[in-house]
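Before any comments, here is the structure.
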Amino acid sequence: MGPCCCLLLLPLLAGAQQQQFMEYVERRLALLEERIAQWHDQSSRYSTELRDFKNQVLGMLETAEKEREALRAEAEGAAARVDRLEREVDYLETQNPAPPCVEVDEVLVEKQAATAKQRKNEKYNKLTDCSDTIASVRAMKILKRFGSSAGLWTKDAAGSSEKIYVFDGTANDTVFVFPRMREFTLFSATRRAARIKLPYPWVGTGHLVYGGFLYYIRQQGPFQVIKFDLANKTVVDSSVFPAEEQIPVFGLSPFTYIELAADEEGLWAIYATKENEKNICLAKLDPDSLDIEQMWDTPCPRENAEGAFVVCGALHVAYNTRLPSRSRVQCVFDVSGTLPPEEASLVYFPKRYGSHSSMKYSPRERQVYAWDDGYQIIYRMEMKKKLEV
Ligand SMILES: *[C@@H]1O[C@H](CO)[C@@H](O)[C@H](O)[C@H]1NC(C)=O
Ligand SMILES: *[C@@H]1O[C@H](CO)[C@@H](O)[C@H](O)[C@H]1NC(C)=O
(Lines give C-alpha, C1' and ligand atoms only; values in the text may rest on other atoms or scores of the structure.)
(Ligands and ions follow the chains in the order given, each with its own letter.)
Protein backbone atom coordinates (compact mmCIF):
# COMPACT_ATOMS: atom_id res chain seq x y z
CA MET A 1 0.00 0.00 0.00
CA GLY A 2 2.05 2.91 1.18
CA PRO A 3 1.60 6.09 -0.86
CA CYS A 4 -1.19 4.54 -2.78
CA CYS A 5 -3.47 4.37 0.31
CA CYS A 6 -2.71 8.05 0.98
CA LEU A 7 -3.71 8.93 -2.51
CA LEU A 8 -7.04 7.23 -1.92
CA LEU A 9 -7.66 9.01 1.38
CA LEU A 10 -7.10 12.47 0.02
CA PRO A 11 -10.11 12.59 -2.24
CA LEU A 12 -12.18 11.11 0.59
CA LEU A 13 -11.13 13.84 2.91
CA ALA A 14 -11.73 16.34 0.18
CA GLY A 15 -15.21 14.82 -0.23
CA ALA A 16 -16.00 15.37 3.44
CA GLN A 17 -14.77 18.96 3.37
CA GLN A 18 -16.82 19.64 0.31
CA GLN A 19 -19.86 18.31 2.08
CA GLN A 20 -19.23 20.61 5.02
CA PHE A 21 -18.69 23.50 2.71
CA MET A 22 -21.92 22.81 0.90
CA GLU A 23 -23.81 22.57 4.17
CA TYR A 24 -22.27 25.83 5.22
CA VAL A 25 -23.26 27.51 2.00
CA GLU A 26 -26.74 26.11 2.26
CA ARG A 27 -27.11 27.42 5.80
CA ARG A 28 -25.94 30.85 4.64
CA LEU A 29 -28.33 30.74 1.73
CA ALA A 30 -31.18 29.71 4.00
CA LEU A 31 -30.32 32.61 6.30
CA LEU A 32 -30.21 34.99 3.40
CA GLU A 33 -33.49 33.67 2.09
CA GLU A 34 -35.02 34.14 5.49
CA ARG A 35 -33.80 37.70 5.61
CA ILE A 36 -35.02 38.38 2.11
CA ALA A 37 -38.38 36.97 3.10
CA GLN A 38 -38.36 39.29 6.12
CA TRP A 39 -37.49 42.30 3.96
CA HIS A 40 -40.14 41.36 1.55
CA ASP A 41 -42.61 41.12 4.37
CA GLN A 42 -41.56 44.43 5.77
CA SER A 43 -41.56 46.25 2.47
CA SER A 44 -44.99 44.98 1.59
CA ARG A 45 -46.15 46.06 5.04
CA TYR A 46 -44.59 49.50 4.44
CA SER A 47 -46.18 49.82 1.06
CA THR A 48 -49.53 48.86 2.54
CA GLU A 49 -49.04 51.44 5.24
CA LEU A 50 -47.98 53.99 2.66
CA ARG A 51 -51.06 53.24 0.58
CA ASP A 52 -53.28 53.58 3.62
CA PHE A 53 -51.60 56.86 4.52
CA LYS A 54 -52.01 58.16 1.00
CA ASN A 55 -55.68 57.30 1.01
CA GLN A 56 -56.08 58.95 4.37
CA VAL A 57 -54.39 62.16 3.12
CA LEU A 58 -56.47 62.14 -0.05
CA GLY A 59 -59.58 61.86 2.08
CA MET A 60 -58.44 64.75 4.23
CA LEU A 61 -57.64 66.87 1.15
CA GLU A 62 -61.08 66.15 -0.24
CA THR A 63 -62.72 67.23 3.00
CA ALA A 64 -60.56 70.38 3.10
CA GLU A 65 -61.49 71.18 -0.50
CA LYS A 66 -65.16 70.75 0.32
CA GLU A 67 -64.80 73.01 3.36
CA ARG A 68 -62.99 75.60 1.26
CA GLU A 69 -65.79 75.52 -1.30
CA ALA A 70 -68.34 75.98 1.42
CA LEU A 71 -66.36 78.91 2.87
CA ARG A 72 -66.04 80.51 -0.54
CA ALA A 73 -69.74 80.17 -1.18
CA GLU A 74 -70.40 81.73 2.22
CA ALA A 75 -68.00 84.63 1.54
CA GLU A 76 -69.63 85.22 -1.84
CA GLY A 77 -73.02 85.24 -0.20
CA ALA A 78 -71.77 87.76 2.38
CA ALA A 79 -70.26 89.99 -0.34
CA ALA A 80 -73.53 89.90 -2.27
CA ARG A 81 -75.40 90.85 0.90
CA VAL A 82 -73.00 93.75 1.57
CA ASP A 83 -73.45 94.89 -2.04
CA ARG A 84 -77.21 94.77 -1.72
CA LEU A 85 -77.08 96.63 1.61
CA GLU A 86 -74.89 99.31 0.07
CA ARG A 87 -77.32 99.72 -2.82
CA GLU A 88 -80.21 99.91 -0.39
CA VAL A 89 -78.41 102.54 1.67
CA ASP A 90 -77.69 104.50 -1.52
CA TYR A 91 -81.32 104.21 -2.48
CA LEU A 92 -82.51 105.33 0.95
CA GLU A 93 -80.10 108.25 0.89
CA THR A 94 -81.42 109.21 -2.54
CA GLN A 95 -84.96 109.05 -1.22
CA ASN A 96 -84.13 111.24 1.79
CA PRO A 97 -81.58 113.64 0.47
CA ALA A 98 -79.49 115.80 2.72
CA PRO A 99 -81.78 117.64 5.08
CA PRO A 100 -79.12 120.16 6.23
CA CYS A 101 -79.49 122.39 3.17
CA VAL A 102 -83.19 122.82 3.68
CA GLU A 103 -83.05 123.07 7.46
CA VAL A 104 -80.44 125.76 7.61
CA ASP A 105 -82.03 127.75 4.86
CA GLU A 106 -84.26 129.88 7.09
CA VAL A 107 -81.44 130.65 9.47
CA LEU A 108 -79.42 131.58 6.46
CA VAL A 109 -82.03 133.93 5.10
CA GLU A 110 -82.20 135.77 8.45
CA LYS A 111 -78.47 135.96 8.68
CA GLN A 112 -78.25 137.13 5.12
CA ALA A 113 -80.71 139.91 5.86
CA ALA A 114 -78.61 141.08 8.77
CA THR A 115 -75.38 141.10 6.88
CA ALA A 116 -76.72 141.96 3.49
CA LYS A 117 -74.86 145.22 3.15
CA GLN A 118 -71.60 143.88 4.41
CA ARG A 119 -71.78 140.72 2.34
CA LYS A 120 -73.28 142.33 -0.71
CA ASN A 121 -75.74 139.46 -0.90
CA GLU A 122 -77.77 141.12 -3.60
CA LYS A 123 -79.05 139.20 -6.56
CA TYR A 124 -76.20 137.82 -8.51
CA ASN A 125 -75.84 138.99 -12.06
CA LYS A 126 -74.88 136.02 -14.12
CA LEU A 127 -72.06 136.62 -16.52
CA THR A 128 -72.81 133.74 -18.85
CA ASP A 129 -75.86 131.83 -19.93
CA CYS A 130 -74.48 128.66 -18.44
CA SER A 131 -77.45 126.72 -17.17
CA ASP A 132 -76.07 123.22 -16.67
CA THR A 133 -75.74 121.22 -13.54
CA ILE A 134 -74.29 117.84 -12.75
CA ALA A 135 -76.58 114.85 -13.21
CA SER A 136 -74.19 112.06 -12.29
CA VAL A 137 -70.67 110.70 -12.61
CA ARG A 138 -70.62 109.22 -16.12
CA ALA A 139 -67.21 107.57 -16.01
CA MET A 140 -64.16 107.27 -13.85
CA LYS A 141 -60.54 106.80 -14.85
CA ILE A 142 -57.74 106.00 -12.42
CA LEU A 143 -54.64 107.52 -13.97
CA LYS A 144 -51.91 106.47 -11.59
CA ARG A 145 -50.60 106.55 -8.06
CA PHE A 146 -48.19 109.37 -7.42
CA GLY A 147 -46.84 111.12 -4.37
CA SER A 148 -48.32 111.52 -0.92
CA SER A 149 -51.78 110.56 0.27
CA ALA A 150 -52.90 114.19 -0.01
CA GLY A 151 -52.24 116.52 -2.90
CA LEU A 152 -53.66 118.28 -5.91
CA TRP A 153 -53.41 117.78 -9.65
CA THR A 154 -55.01 119.86 -12.36
CA LYS A 155 -54.86 121.26 -15.86
CA ASP A 156 -55.31 124.94 -16.66
CA ALA A 157 -59.05 125.47 -16.13
CA ALA A 158 -59.15 128.04 -18.94
CA GLY A 159 -57.34 128.08 -22.28
CA SER A 160 -56.15 125.05 -24.20
CA SER A 161 -52.92 124.07 -22.48
CA GLU A 162 -52.44 120.33 -22.01
CA LYS A 163 -49.95 120.73 -19.17
CA ILE A 164 -50.53 118.87 -15.92
CA TYR A 165 -49.70 120.66 -12.67
CA VAL A 166 -49.04 118.59 -9.57
CA PHE A 167 -48.87 119.82 -5.97
CA ASP A 168 -47.63 116.85 -3.94
CA GLY A 169 -48.47 116.99 -0.24
CA THR A 170 -50.17 119.78 1.68
CA ALA A 171 -47.33 122.30 2.04
CA ASN A 172 -44.24 122.87 -0.10
CA ASP A 173 -42.65 125.40 -2.40
CA THR A 174 -42.34 123.29 -5.56
CA VAL A 175 -44.86 122.46 -8.30
CA PHE A 176 -44.30 119.68 -10.85
CA VAL A 177 -45.31 120.40 -14.43
CA PHE A 178 -45.76 117.56 -16.95
CA PRO A 179 -46.03 118.55 -20.63
CA ARG A 180 -49.09 116.32 -21.25
CA MET A 181 -51.21 113.63 -19.63
CA ARG A 182 -49.10 110.99 -21.39
CA GLU A 183 -45.88 111.98 -19.65
CA PHE A 184 -47.67 112.11 -16.35
CA THR A 185 -49.18 108.63 -16.64
CA LEU A 186 -46.19 106.86 -18.24
CA PHE A 187 -43.38 107.75 -15.95
CA SER A 188 -43.25 106.98 -12.29
CA ALA A 189 -40.38 109.30 -11.54
CA THR A 190 -40.62 113.06 -11.58
CA ARG A 191 -37.60 113.13 -13.92
CA ARG A 192 -39.83 114.04 -16.85
CA ALA A 193 -41.42 116.89 -14.97
CA ALA A 194 -40.32 120.47 -14.92
CA ARG A 195 -40.17 121.95 -11.46
CA ILE A 196 -41.29 125.42 -10.56
CA LYS A 197 -39.95 126.66 -7.29
CA LEU A 198 -42.31 129.33 -6.06
CA PRO A 199 -41.08 132.48 -4.31
CA TYR A 200 -43.35 131.78 -1.31
CA PRO A 201 -44.34 128.28 -0.13
CA TRP A 202 -47.90 127.09 -0.73
CA VAL A 203 -50.21 125.54 1.84
CA GLY A 204 -53.30 123.31 1.48
CA THR A 205 -54.77 121.78 -1.67
CA GLY A 206 -56.90 124.70 -2.83
CA HIS A 207 -54.70 126.13 -5.60
CA LEU A 208 -55.84 126.87 -9.11
CA VAL A 209 -54.29 127.21 -12.56
CA TYR A 210 -56.38 129.60 -14.66
CA GLY A 211 -55.55 131.28 -17.95
CA GLY A 212 -51.79 130.83 -17.64
CA PHE A 213 -51.66 132.03 -14.05
CA LEU A 214 -51.24 130.05 -10.90
CA TYR A 215 -53.43 131.32 -8.07
CA TYR A 216 -52.13 129.84 -4.84
CA ILE A 217 -52.53 130.17 -1.11
CA ARG A 218 -49.66 131.29 1.04
CA GLN A 219 -49.88 131.19 4.78
CA GLN A 220 -47.94 133.66 6.77
CA GLY A 221 -50.06 135.23 9.45
CA PRO A 222 -53.19 135.92 7.40
CA PHE A 223 -53.79 133.88 4.27
CA GLN A 224 -52.68 135.45 1.03
CA VAL A 225 -53.73 134.69 -2.52
CA ILE A 226 -50.71 134.92 -4.80
CA LYS A 227 -51.14 135.34 -8.54
CA PHE A 228 -48.13 133.89 -10.31
CA ASP A 229 -47.44 134.17 -14.03
CA LEU A 230 -46.47 130.68 -15.21
CA ALA A 231 -44.96 131.96 -18.47
CA ASN A 232 -42.38 134.33 -17.05
CA LYS A 233 -42.37 132.88 -13.52
CA THR A 234 -43.06 136.08 -11.65
CA VAL A 235 -45.53 137.10 -8.99
CA VAL A 236 -48.01 139.41 -10.69
CA ASP A 237 -50.20 140.25 -7.73
CA SER A 238 -51.03 139.20 -4.20
CA SER A 239 -53.76 140.04 -1.78
CA VAL A 240 -54.59 139.24 1.82
CA PHE A 241 -57.80 137.24 1.82
CA PRO A 242 -60.34 139.57 3.48
CA ALA A 243 -61.84 137.04 5.89
CA GLU A 244 -61.10 137.11 9.60
CA GLU A 245 -60.35 134.14 11.84
CA GLN A 246 -60.33 131.58 9.10
CA ILE A 247 -60.83 127.92 9.90
CA PRO A 248 -60.35 124.83 7.69
CA VAL A 249 -63.12 124.95 5.12
CA PHE A 250 -63.73 121.17 4.89
CA GLY A 251 -64.19 119.18 8.09
CA LEU A 252 -62.42 116.12 6.63
CA SER A 253 -59.56 117.99 4.89
CA PRO A 254 -58.10 120.10 7.70
CA PHE A 255 -55.12 121.30 5.63
CA THR A 256 -57.19 123.51 3.30
CA TYR A 257 -58.38 126.95 4.45
CA ILE A 258 -59.17 128.46 1.04
CA GLU A 259 -60.24 126.48 -1.99
CA LEU A 260 -59.93 128.40 -5.25
CA ALA A 261 -62.24 127.13 -7.96
CA ALA A 262 -62.98 127.94 -11.57
CA ASP A 263 -66.24 127.43 -13.38
CA GLU A 264 -67.92 128.64 -16.57
CA GLU A 265 -68.39 132.07 -14.97
CA GLY A 266 -64.97 132.74 -13.54
CA LEU A 267 -63.09 132.47 -10.27
CA TRP A 268 -64.42 131.57 -6.84
CA ALA A 269 -63.03 131.19 -3.34
CA ILE A 270 -64.54 128.65 -0.95
CA TYR A 271 -63.62 129.27 2.70
CA ALA A 272 -64.89 129.32 6.28
CA THR A 273 -64.56 131.64 9.24
CA LYS A 274 -65.02 131.37 12.98
CA GLU A 275 -67.96 133.78 12.80
CA ASN A 276 -70.02 131.29 10.80
CA GLU A 277 -68.17 128.14 11.75
CA LYS A 278 -70.86 125.58 10.94
CA ASN A 279 -71.16 126.47 7.25
CA ILE A 280 -69.07 127.06 4.19
CA CYS A 281 -68.76 130.57 2.66
CA LEU A 282 -68.39 131.39 -1.01
CA ALA A 283 -66.91 134.45 -2.71
CA LYS A 284 -66.65 135.54 -6.34
CA LEU A 285 -63.16 136.76 -7.21
CA ASP A 286 -61.99 139.12 -9.90
CA PRO A 287 -59.21 137.14 -11.64
CA ASP A 288 -57.36 140.32 -12.63
CA SER A 289 -57.33 142.29 -9.39
CA LEU A 290 -58.03 139.44 -6.91
CA ASP A 291 -60.76 141.66 -5.45
CA ILE A 292 -63.81 140.01 -3.96
CA GLU A 293 -66.87 140.94 -5.99
CA GLN A 294 -69.50 139.31 -3.83
CA MET A 295 -69.78 136.95 -0.83
CA TRP A 296 -72.33 134.42 0.33
CA ASP A 297 -72.94 132.38 3.46
CA THR A 298 -74.04 129.03 2.06
CA PRO A 299 -76.27 126.51 3.84
CA CYS A 300 -73.68 123.78 3.23
CA PRO A 301 -72.23 122.42 6.47
CA ARG A 302 -68.47 122.09 6.99
CA GLU A 303 -68.87 118.92 9.01
CA ASN A 304 -67.91 115.80 7.02
CA ALA A 305 -67.20 117.89 3.92
CA GLU A 306 -64.11 116.65 2.06
CA GLY A 307 -64.03 118.91 -1.00
CA ALA A 308 -66.05 121.25 -3.18
CA PHE A 309 -66.20 122.75 -6.65
CA VAL A 310 -68.36 125.24 -8.52
CA VAL A 311 -70.35 124.38 -11.67
CA CYS A 312 -72.23 127.16 -13.49
CA GLY A 313 -72.39 129.35 -10.42
CA ALA A 314 -73.51 126.56 -8.09
CA LEU A 315 -71.31 125.37 -5.24
CA HIS A 316 -71.20 121.56 -5.00
CA VAL A 317 -69.90 120.17 -1.71
CA ALA A 318 -68.78 116.53 -1.47
CA TYR A 319 -69.23 114.72 1.83
CA ASN A 320 -67.75 111.54 3.23
CA THR A 321 -67.40 109.96 6.66
CA ARG A 322 -64.43 109.95 8.98
CA LEU A 323 -63.81 106.30 8.12
CA PRO A 324 -63.85 106.86 4.35
CA SER A 325 -66.85 105.35 2.57
CA ARG A 326 -68.83 106.58 -0.46
CA SER A 327 -68.16 110.19 -1.32
CA ARG A 328 -71.20 112.14 -2.53
CA VAL A 329 -72.27 115.66 -3.44
CA GLN A 330 -74.93 116.29 -0.87
CA CYS A 331 -75.25 120.05 -0.72
CA VAL A 332 -75.61 122.40 -3.65
CA PHE A 333 -75.86 126.17 -3.36
CA ASP A 334 -76.70 128.09 -6.54
CA VAL A 335 -75.89 131.80 -6.26
CA SER A 336 -78.32 132.66 -9.05
CA GLY A 337 -81.14 130.81 -7.29
CA THR A 338 -82.00 128.92 -10.47
CA LEU A 339 -81.32 125.56 -8.90
CA PRO A 340 -83.28 125.08 -5.67
CA PRO A 341 -81.26 122.87 -3.29
CA GLU A 342 -83.99 120.24 -3.08
CA GLU A 343 -83.83 119.81 -6.86
CA ALA A 344 -80.12 119.24 -7.13
CA SER A 345 -79.11 115.65 -7.88
CA LEU A 346 -77.39 113.68 -5.21
CA VAL A 347 -74.21 112.66 -7.01
CA TYR A 348 -72.34 109.58 -5.82
CA PHE A 349 -68.70 108.97 -6.63
CA PRO A 350 -67.77 105.32 -7.19
CA LYS A 351 -66.17 103.89 -4.07
CA ARG A 352 -62.41 104.04 -4.29
CA TYR A 353 -59.43 104.07 -1.99
CA GLY A 354 -59.89 106.61 0.77
CA SER A 355 -61.11 110.17 0.74
CA HIS A 356 -60.57 113.04 -1.67
CA SER A 357 -57.96 115.57 -0.63
CA SER A 358 -58.78 117.70 -3.66
CA MET A 359 -61.42 117.87 -6.42
CA LYS A 360 -60.80 120.29 -9.28
CA TYR A 361 -63.61 120.86 -11.75
CA SER A 362 -62.51 121.74 -15.27
CA PRO A 363 -65.24 123.83 -16.94
CA ARG A 364 -63.74 123.28 -20.40
CA GLU A 365 -63.60 119.48 -20.06
CA ARG A 366 -66.53 119.01 -17.69
CA GLN A 367 -64.58 116.65 -15.54
CA VAL A 368 -63.17 116.62 -12.03
CA TYR A 369 -59.49 115.98 -11.31
CA ALA A 370 -59.42 114.25 -7.95
CA TRP A 371 -56.65 113.08 -5.62
CA ASP A 372 -57.91 110.07 -3.69
CA ASP A 373 -55.45 108.79 -1.09
CA GLY A 374 -52.49 109.17 -3.48
CA TYR A 375 -54.38 107.99 -6.61
CA GLN A 376 -55.03 110.50 -9.38
CA ILE A 377 -58.52 110.03 -10.72
CA ILE A 378 -60.66 111.74 -13.38
CA TYR A 379 -64.44 111.79 -12.99
CA ARG A 380 -66.35 112.59 -16.18
CA MET A 381 -69.60 114.32 -15.41
CA GLU A 382 -72.98 113.79 -16.99
CA MET A 383 -74.63 117.21 -17.24
CA LYS A 384 -78.25 118.30 -17.45
CA LYS A 385 -80.09 121.61 -17.60
CA LYS A 386 -80.77 123.22 -14.24
CA LEU A 387 -84.46 123.64 -14.96
CA GLU A 388 -85.03 120.13 -16.27
CA VAL A 389 -84.45 118.42 -12.95
C1 LIG B 1 -41.02 119.71 -0.64
O2 LIG B 1 -41.18 118.30 -0.78
C3 LIG B 1 -39.97 117.58 -0.91
C4 LIG B 1 -40.30 116.13 -1.09
O5 LIG B 1 -41.19 115.95 -2.13
C6 LIG B 1 -39.11 117.82 0.33
O7 LIG B 1 -37.87 117.16 0.17
C8 LIG B 1 -38.89 119.30 0.53
O9 LIG B 1 -38.18 119.52 1.73
C10 LIG B 1 -40.20 120.02 0.59
N11 LIG B 1 -39.93 121.46 0.67
C12 LIG B 1 -40.59 122.27 1.52
C13 LIG B 1 -40.21 123.71 1.48
O14 LIG B 1 -41.42 121.85 2.31
C1 LIG C 1 -44.43 138.84 -16.65
O2 LIG C 1 -45.65 138.94 -17.33
C3 LIG C 1 -46.57 139.89 -16.77
C4 LIG C 1 -47.83 139.83 -17.57
O5 LIG C 1 -48.51 138.63 -17.33
C6 LIG C 1 -45.97 141.28 -16.78
O7 LIG C 1 -46.87 142.19 -16.18
C8 LIG C 1 -44.66 141.25 -16.03
O9 LIG C 1 -44.05 142.53 -16.13
C10 LIG C 1 -43.75 140.19 -16.58
N11 LIG C 1 -42.57 140.13 -15.73
C12 LIG C 1 -41.34 139.98 -16.21
C13 LIG C 1 -40.23 139.96 -15.21
O14 LIG C 1 -41.12 139.88 -17.40
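The values are calculated or read from the model by the stated rules, or taken from the named source; none is laboratory data. Owing to the predicted nature of the structure, the values given are computational and were not obtained by experimental measurement. Backbone-built Cβ (ideal geometry, glycine too); neighbour counts: all protein chains shown.
Key figures for this structure:
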item	result
Residues located in the stretch 245-265, provided they are polar (S, T, N, Q) and closer than 20 Å to Y361 by Cα	S253, T256
Candidates F228, F223, F250, filtered to the one that is modelled with pLDDT of 95 or more, among the hydrophobic types (A, V, I, L, M, F, W, C) and either more than 15 Å from ligand 2 (Cβ to nearest atom) or under 25 Å from R322 (Cβ atoms) (or both)	F250
Which numbered condition F309 fails, given (1) touching a His at 6+ places or on another chain (Cβ under 9 Å); (2) surrounded by fewer than 19 Cβ atoms within 10 Å (Cβ to Cβ); (3) of a type in the set (F, W, Y)	(2)
Considering residues of the stretch 218-262 that are within 16 Å of ligand 1 (Cβ to nearest atom) and assigned to a loop (DSSP other than H, G, I, E, B) only, the residue surrounded by the fewest Cβ atoms within 10 Å (Cβ to Cβ)	Q220
Spans of strands (runs of 3 or more DSSP E) in the stretch 130-206 with at least 3 residues touching a strand residue (DSSP E or B) at 6+ places or on another chain (Cβ under 8 Å) and in contact (Cβ under 8 Å) with a residue 60 or more places away in the chain	132-145, 151-154
Residue under evaluation L282, criteria (1) within 29 Å of T133 (Cβ to Cβ); (2) more than 16 Å from ligand 2 (Cβ to nearest atom); (3) over 24 Å from the mean Cα position of the chain (by Cα); (4) outside any strand (DSSP E or B), criterion not met	(4)
Some residue of the stretch 261-273 being away from ligand 2 (no atom under 16 Å from the Cβ), of a type outside the set (A, V, I, L, M) and touching a Leu at 6+ places or on another chain (Cβ under 6 Å)	yes
Enumeration of residues in the stretch 207-217 that are in a strand (DSSP E or B) and not β-branched (V, I, T)	L208, Y210, F213, L214, Y215, Y216
Yes/no for R322 being at pLDDT 95 or above, among the basic types (K, R), out of contact with any Ser or Thr (no Cβ under 7 Å at 6 or more places or on another chain) and surrounded by fewer than 16 Cβ atoms within 10 Å (Cβ to Cβ)	no
Selection count, the stretch 321-353, where residues are under 19 Å from G251 (Cβ atoms) and either charged (D, E, K, R) or in contact with a Gly (Cβ under 9 Å, 6 or more places away or on another chain) (or both)	5
The stretch 128-167, residues that are at pLDDT below 95, within 16 Å of ligand 1 (Cβ to nearest atom) and either of a type in the set (K, R) or closer than 23 Å to G211 by Cα (or both)	R145
Residue selected from the stretch 199-217 under the condition surrounded by fewer than 20 Cβ atoms within 10 Å (Cβ to Cβ) and away from ligand 2 (no atom under 16 Å from the Cβ), by the criterion farthest from S253 (Cα to Cα)	Y200
Test result for T185, more than 16 Å from ligand 2 (Cβ to nearest atom) and either within 20 Å of K141 (Cβ to Cβ) or not assigned by TED's automatic domain parsing to the domain that holds Q294 (or both)	yes
Single match in F176, F167 (criterion: under 17 Å from M359 (Cβ atoms) and of a type outside the set (K, R))	F167
All positions within the stretch 343-389 that are hydroxyl-bearing (S, T, Y) and modelled with pLDDT under 90	S345, Y353, S355
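Condition check ((1) over 27 Å from the mean Cα position of the chain (by Cα); (2) of a type outside the set (G, A, S); (3) under 24 Å from D373 (Cα atoms)) across all residues:
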{"site": "I247", "(1), (2), (3)": "no, yes, yes"}
{"site": "A261", "(1), (2), (3)": "no, no, yes"}
{"site": "W268", "(1), (2), (3)": "no, yes, no"}
{"site": "N276", "(1), (2), (3)": "yes, yes, no"}
{"site": "P287", "(1), (2), (3)": "yes, yes, no"}
